[in-house]
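Down below is the structure, laid out as structure tokens.
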Amino acid sequence: MATVSQSTLFYLSESASGITWEDAVDLARHARSRNLAEGITGVLVFDGTTFVQFVNGPEKATSDLLARLRFDPRHRLLDVFSKPPGAGLPHFDAWGLTLLQPLPGASLAAIRGLDWSTAFARLAAALPEGSIMAT
């Protein structure tokens, strides 16, 4: 049997005007079952204006997810962080997709334009302790 190549998608986007926390909860609920069926696990973080998502899964599934996001009207200014060779990956067990809010005062938009490692470190620091576990 052939081994399925695994991939990671880590991106930041601005939310379309009018997206509420309840909208984000609904989005995560619908994405969770699809992600599990496609072998994708990860976290979606929303602070009211910015989405950050970090997911792992089969290369085709994460590629297809990125293609859908590029045409999703709920996302604007989508920036994908490039994974450096040998970077450790966090793991999310069998979440499918969990939705988190950053800690009060944390700005997700502040990670735009940073390199992978710095952006990931700032994301992890903006979340409740234990939300993301590095491998």
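The values are calculated or read from the model by the stated rules, or taken from the named source; none is laboratory data. Keep in mind the model is a prediction, meaning the values are calculated, not measured. Glycine gets a Cβ as well: all are built from the backbone with ideal geometry, and neighbour counts include every protein chain shown.
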Hey, does region 4-22 have a residue that's under 17 Å from Leu78 (Cβ atoms), among the small types (Gly, Ala, Ser), surrounded by 17 or more Cβ atoms within 10 Å (Cβ to Cβ) and modelled with pLDDT of 90 or more? yes
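Within region 29-38, can one find any residue that is among the aliphatic types (A, V, I, L, M), farther than 22 Å from Thr118 by Cβ and within 12 Å of the chain's Cα centre (by Cα)?
Here is the first cut: in region 29-38, the ones among the aliphatic types (A, V, I, L, M) are 31, 36-37.
Cutting the leftovers down to farther than 22 Å from Thr118 by Cβ gives us 31, 36-37.
Imposing the further condition that a residue be within 12 Å of the chain's Cα centre (by Cα) reduces the set to 31.
Yes, region 29-38 has at least one match.
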Within region 84-107, is even one residue exposed (fewer than 14 other Cβ atoms within 10 Å of the Cβ), at pLDDT 90 or above and either assigned to a helix (DSSP H, G or I) or among the acidic types (Asp, Glu) (or both)? no
Taking first residues from region 51-71 that are surrounded by fewer than 13 Cβ atoms within 10 Å (Cβ to Cβ) and second residues anywhere that are among the hydrophobic types (A, V, I, L, M, F, W, C), the pairs with Cβ under 7 Å that are 6 or more apart or on different chains are Arg70/Leu78
Kindly indicate the residue of region 17-49 that is assigned to a loop (DSSP other than H, G, I, E, B) and of a type in the set (Val, Ile, Thr) and also nearest to Pro128 (Cα to Cα) among those meeting that condition. Thr49
All but one of (1) at pLDDT 90 or above; (2) surrounded by 14 or more Cβ atoms within 10 Å (Cβ to Cβ); (3) closer than 20 Å to Ala24 by Cα; (4) over 13 Å from the mean Cα position of the chain (by Cα) hold for Leu114, so report the exception by its number. (3)
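Among the listed residues Ala61, Ala24, Ala16, which satisfies the condition of being within 15 Å of the chain's Cα centre (by Cα) and under 19 Å from Leu100 (Cα atoms)? Even if it seems obvious, please write down each step before you answer.
Working: Ala61 fails: under 19 Å from Leu100 (Cα atoms); Ala16 fails: within 15 Å of the chain's Cα centre (by Cα).
The match here is Ala24.
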